[in-house]
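The values are calculated or read from the model by the stated rules, or taken from the named source; none is laboratory data. This structure is a prediction, so every number in the text was calculated from the model and none was measured. Ideal geometry is used to build each Cβ from the backbone, glycine not excepted, and the neighbour counts take in all protein chains shown.
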């Protein structure tokens, strides 16, 4: 016999609600990330490699710069000796008036020495400057003026130096160059040199013809047209100073 079952009710009403919890959505990893992938795993190795490469490149550049600096210092200290015929002296070995063609010079030594290199070591070009002449004199080998031939070993000789000095001082000056003389005294000195030079020319017709050509560059030297040699220039290599006297 089954026992009697009785149903009992609570004196208060209680509502029980069954809630199904939905998991919170996980945001996509790329939702708020930049376009450039900055993940350490991806960029760390390339950045490290870039720093190493930059350091090596900088080291190579510094080493190359030090080598160039050293080579430049060696070039500056490397001596260049002038041929003894061109060396400055109060009693020069070559008797030469630079206002006249070099064929008029006299040498106390065999003329064959004029064909020897002007410097040791020999050079393919040198520059001569004068305090009274604003035009630098560039000397190249007369036997091979072509730059292509210069590359094959042609060098400046003693004769080349003397010829170049005369040729560079022959051109007439322009009006602008004449008016650029620094003082009235300098202008008078040039005018007097021009007058004396013309008077030395033999023959009336030749003298008048030369006078009509006007002042030449050599007149800027005044009375100092006697070649006394070449002196070392303070600026640097292969540039020499013309030494002349009255």
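Listing for the model above:
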item	result
Unmet criterion (only one of (1) without any contact (Cβ under 8 Å) to a residue 24 or more places away in the chain; (2) in contact with a strand residue (DSSP E or B) (Cβ under 9 Å, 6 or more places away or on another chain)) for residue 164	(1)
Matching residues in segment 218-228 - criterion: being surrounded by fewer than 21 Cβ atoms within 10 Å (Cβ to Cβ) and outside any loop (DSSP other than H, G, I, E, B)	226, 228
Selection from segment 141-180 of residues that are part of a loop (DSSP other than H, G, I, E, B), surrounded by fewer than 19 Cβ atoms within 10 Å (Cβ to Cβ), in contact with a helix residue (DSSP H, G or I) (Cβ under 8 Å, 6 or more places away or on another chain) and at pLDDT 95 or above	170, 171
Number of the condition not met by residue 135 [criteria: (1) touching a residue at least 40 places away in the same chain (Cβ under 8 Å); (2) outside any loop (DSSP other than H, G, I, E, B); (3) more than 29 Å from the chain's Cα centre (by Cα)]	(3)
Top-ranked residue of segment 192-217 - restricted to ones that are in contact with a helix residue (DSSP H, G or I) (Cβ under 7 Å, 6 or more places away or on another chain) and assigned to a loop (DSSP other than H, G, I, E, B), ranked as nearest to residue 119 (Cα to Cα)	215
Residue count for segment 77-88, restricted to those that are assigned to a loop (DSSP other than H, G, I, E, B) and either in contact with a strand residue (DSSP E or B) (Cβ under 6 Å, 6 or more places away or on another chain) or at pLDDT 95 or above (or both)	7
Verdict on residue 189 being over 12 Å from residue 99 (Cα atoms), in contact with a helix residue (DSSP H, G or I) (Cβ under 9 Å, 6 or more places away or on another chain), surrounded by 14 or more Cβ atoms within 10 Å (Cβ to Cβ) and in the same structural domain as residue 99 (by TED's automatic domain parsing)	yes
Filter pass, residue 127 being assigned to a strand (DSSP E or B), under 14 Å from residue 240 (Cα atoms), touching a residue at least 60 places away in the same chain (Cβ under 8 Å) and out of contact with any helix residue (DSSP H, G or I) (no Cβ under 8 Å at 6 or more places or on another chain)	yes
